[in-house]
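Student: Below is one structure. I have some questions about it.
Read-outs throughout are calculated quantities, based only on the coordinates presented, and are distinct from any laboratory measurement. Since this is a predicted model, take the numbers as computed values, not measurements.
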Amino acid sequence: MLLLSKLSGDIRTAISPGHNLEQHEQPPRGHTMPDYHYRVIWSDEDSEHVGLCDEFPGLSWLEKTPEDALAGIRKMVAETVVEMIEDGEPVPASRL
């Protein structure tokens, strides 16, 4: 389930566990993708859309379209979660 709403110029999304991720982005067996809060904002400085994830404030993704920025940050977060699980690191809980 993908929920989209436009708030103050941001595109905000909530992604349910088990949303369609590519095979290489799937968490290891026995783990599920947490619900994370994503948003896309416009950067005047970069003249591009910036994809952000509240639970991973150090990650961002720049693209020309909001859809591509959202797809980019979702992929980056999924890959980060997989790496964290494989390395035995704690995965941030959802703020939703």
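Student: Could you pull out every residue, at least 5 positions away or on a different chain, whose amide H is within less than 5 Å of the one on Val91? Hs are placed 1.01 Å off N in the peptide plane, and Pro or chain starts have none.
Tutor: For Val91, whose amide H was placed from the backbone, there are no distant partners under 5 Å.
Student: Another question, if that's okay. What does the extension gain come out to for Ser94 and Ser43, with contour length at 0.36 nm per residue minus their alpha carbon separation?
Tutor: Working it through step by step, the gained length comes to 15.8 nm.
Student: Also, I was wondering about something else. In whole Hz, with x marking every Gly and Pro, tabulate ³J(HN,Hα) for region 64-75 from phi via Karplus 6.51 cos²θ - 1.76 cosθ + 1.60, θ = phi - 60°.
Tutor: Calculated HN-Hα couplings, in order: 6, 10, x, 5, 5, 5, 5, 4, x, 5, 4, 5 Hz.
Student: Give a residue-ordered list of calculated ³J(HN,Hα) values for region 39-48 (Karplus: 6.51 cos²θ - 1.76 cosθ + 1.60, θ = phi - 60°; whole Hz; x for Gly, Pro).
Tutor: For region 39-48, the Karplus curve yields 8, 10, 10, 8, 10, 5, 4, 9, 6, 8 Hz.
Student: Between Glu55 and residues 5 or more places away or on another chain, which pairs have amide H atoms under 5 Å apart, with H built 1.01 Å from N, and which residues are they?
Tutor: Counting only residues 5 or more places away or on other chains, the set is His37.
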